[in-house]
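Working notes for the structure below.
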């Protein structure tokens with residue numbers, strides 16, 4: 001996996017496919033579930049609900065959850081705001097799990113899931129009122145294409161909201177290994193870079209909200225769970241081959257320091273697609 005595509009140039013098609021499949025497989029794995037718990041992103045349900053509020057979701061909203069994972073956020077939004085949600089994820093395993101969970105909760109029809117790529121969304125133009133993308137935009141090899149797809153699929157006046165890992169400007173260096181261990185976050189960028197990507201795609205009124213504290217909390221939980229998993233492994237209560245626990249614990253400690261020194265962080269970024277009248281007025 002190439003750790004700093006933003007700095008070194010775009011990935012070719014083969015590299016991009018490898019990055020996507022790497023992340024999809026990681027989020028399917030037992031170790032990620034054990035370390036991250038029910039929510040695969042910092043801030044959990046509270047930050048997902050915060051996104052729902054800044055996107056002004058209502059029971060009439062048609063929401064797209066890009067890189068929806070196992071469906072936790074899509075289901076939460078439907079339950080809290082009464083909206084309809086479609087989740088899209090590269091992993092067939094995650095989509096199957098999400099569908100099963102939506103069915104178990106009686107949400108079939110209001111919350112649906114399909115396999116798809118955020119850089120080539122399988123939806124019509126202007127078919128969504130809002131788009132969320134949590135802790136995933138940083139993993140997309142072609143962020144420009146993903147932002148353009150968000151703009152295409154959103155209706156005029158619709159809103160997009162990202163929550164994602166941020167990294168201070170400069171070479172990735174030590175962060176390549178750190179971010180891979182934290183959650184396959186190989187291409188995190190400064191918050192301003194995410195804002196710029198949305199602006200380049202035509203979004204307006206871009207806002208950024210700092211949430212470094214939720215990343216700090218998540219890394220501390222990962223450290224605690226690493227210790228617990230390592231104890232279970234030592235007691236032969238669990239088998240997790242291929243995991244270097246000493247390296248994982250060392251990198252978790254390094255990640256804590258990086259957040260405390262403001263070299264790693266977490267942010268919510270949201271923006272609006274211009275209304276048709278405004279877009280026409282700005283057309284030369």
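The values are calculated or read from the model by the stated rules, or taken from the named source; none is laboratory data. None of these values were measured; they are calculated from a predicted model. Note that we place each Cβ from the backbone using ideal geometry, even for glycine, and neighbour counts take in every protein chain shown.
For the subset of segment 44-63 comprising residues that are in a loop (DSSP other than H, G, I, E, B) and closer than 28 Å to residue 120 by Cβ, which member is farthest from the chain's Cα centre (by Cα)?
Here the residue is 60.
Condition check ((1) over 22 Å from residue 104 (Cβ atoms); (2) out of contact with any helix residue (DSSP H, G or I) (no Cβ under 7 Å at 6 or more places or on another chain); (3) not in a loop (DSSP other than H, G, I, E, B)) across all residues:
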{"site": "65", "(1), (2), (3)": "no, no, yes"}
{"site": "69", "(1), (2), (3)": "no, no, no"}
{"site": "79", "(1), (2), (3)": "no, yes, yes"}
{"site": "85", "(1), (2), (3)": "no, no, yes"}
Return the pair list, or none, for Cβ contacts closer than 6 Å from residues in segment 84-96 that are surrounded by fewer than 22 Cβ atoms within 10 Å (Cβ to Cβ) to residues that are part of a loop (DSSP other than H, G, I, E, B), at least 6 apart or on different chains. 84/110
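Looking at residue 111, is it modelled with pLDDT of 95 or more and within 30 Å of residue 190 (Cα to Cα)? Please lay out each step first, then the result.
Values: modelled with pLDDT of 95 or more: yes; within 30 Å of residue 190 (Cα to Cα): no.
For residue 111, the condition - modelled with pLDDT of 95 or more and within 30 Å of residue 190 (Cα to Cα) - is not met.
Kindly provide the set of residues from segment 61-77 that are farther than 20 Å from residue 150 by Cα and modelled with pLDDT of 95 or more, ordered by number. If you could, list the steps in order and put the result at the bottom.
Taking segment 61-77 and keeping what is farther than 20 Å from residue 150 by Cα, we get 70, 72, 75-76.
Scanning segment 61-77 gives 75, 76.
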Meets criteria (in a strand (DSSP E or B) and in contact (Cβ under 8 Å) with a residue 24 or more places away in the chain) for residue 129: yes
